[in-house]
Amino acid sequence: LAKTTQPISMDSYEGQEVNITCSHNNIATNDYITWYQQFPSQGPRFIIQGYKTKVTNEVASLFIPADRKSSTLSLPRVSLSDTAVYYCLVAGGGGNKLTFGTGTQLKVEL
Amino acid sequence: ETGVTQTPRHLVMGMTNKKSLKCEQHLGHNAMYWYKQSAKKPLELMFVYNFKEQTENNSVPSRFSPECPNSSHLFLHLHTLQPEDSALYLCASSQDRFYEQYFGPGTRLTVT
């Protein structure tokens with residue numbers, strides 16, 4: 001079971017870069033790493049997905065080291081609207097079940 | 001977003017009632033999921049369907065009964081629920097089982 005571990009909460013200010021790290025020591029060869037954002041009383045929203053090295057899209061970057069036992073979601077220049085819970089999900093054909101971790105509550109202030 | 005819709009959005013039911021939650025996806029996906037999210041807790045995966053076949057049942061009590069008649073529709077039948085079953089029930093779909101998931105807005109269920 002690819003259990004994930006994330007910080008429970010993080011605080012930041014508008015305009016700063018935020019990096020949220022997820023540990024997944026039991027990641028399997030076929031597992032992908034996916035990050036989601038969730039606002040209160042809404043379903044999670046896909047942010048980014050990767051397998052190794054670095055992935056970048058219009059909202060975030062995902063850094064994955066060679067051993068793939070951790071990953072870091074990078075949010076450039078956060079704003080108040082980025083205040084949400086961020087989940088790291090590790091799953092794939094390696095037999096690991098789809099398990100969301102406890103998530104990281106990001107709070108962005110002025 | 002209208003990719004994944006859920007009805008009803010809110011439901012209050014007694015412990016002896018029988019009700020059903022409905023999920024519909026308009027994305028042409030092959031996998032569909034039910035999640036439970038209790039207050040201030042992470043999502044708990046309940047069931048997974050891939051090409052209409054159930055592939056995961058994460059030790060969910062039998063008072064929750066899923067049904068997937070086709071790849072676009074997913075139901076969660078509820079009967080004799082307990083107050084601790086009150087939660088936000090989320091439906092999601094994805095192209096295949098491990099691809100990015102698209103979530104619906106959820107059904108807020110209150111069991112009295």
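The values are calculated or read from the model by the stated rules, or taken from the named source; none is laboratory data. Being a predicted model, the structure only gives us computed values, none of them experimental. Quick reminder, even Gly has a Cβ in these numbers, built from the backbone with ideal geometry, and neighbours come from all protein chains shown. When the accessible area is computed, the model is the full protein with side chains, heavy atoms only, and any ligands, DNA or RNA have been set aside. Shrake-Rupley method; radii C 1.70, N 1.55, O 1.52, S 1.80 Å.
Numbers below:
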read-out: Condition check for B:LYS18: within 16 Å of A:PHE100 (Cβ to Cβ) and either in contact with a strand residue (DSSP E or B) (Cβ under 9 Å, 6 or more places away or on another chain) or open to solvent by 10 Å² or more (accessible area, probe 1.4 Å) (or both); value: no
read-out: Strands (runs of 3 or more DSSP E) wholly inside region A:1-108 that include at least 1 residues being among the β-branched types (Val, Ile, Thr); value: A:18-23, A:31-38, A:45-50, A:53-56, A:61-64, A:70-75, A:84-92
read-out: Residue in region A:48-71 that is under 10 Å from the mean Cα position of the chain (by Cα), within 11 Å of chain B (Cβ to nearest Cβ), open to solvent by less than 20 Å² (accessible area, probe 1.4 Å) and more than 30 Å from B:HIS10 (Cβ to Cβ) present; value: yes
read-out: A:GLU109 vs. criteria touching a residue at least 40 places away in the same chain (Cβ under 8 Å) and more than 8 Å from chain B (Cβ to nearest Cβ); value: yes
read-out: Selected residue (only one of B:LEU74, B:LEU109 is more than 21 Å from A:GLN49 (Cβ to Cβ) and within 10 Å of the chain's Cα centre (by Cα)); value: B:LEU74
read-out: Residues of region B:59-88 that turn out to be surrounded by 15 or more Cβ atoms within 10 Å (Cβ to Cβ) and either among the β-branched types (Val, Ile, Thr) or facing chain A (nearest Cβ under 10 Å) (or both), as a count; value: 2
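Yes or no, residue by residue, for (1) touching a Lys or Arg at 6+ places or on another chain (Cβ under 7 Å); (2) free of Cβ contacts under 8 Å to residues at least 40 places away in the same chain:
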| residue | (1), (2) |
| --- | --- |
| B:THR5 | no, no |
| B:LEU11 | yes, no |
| B:ASN17 | no, no |
| B:LEU27 | no, no |
| B:ASN30 | no, no |
| B:ALA39 | no, no |
| B:LEU43 | no, no |
| B:GLU53 | no, yes |
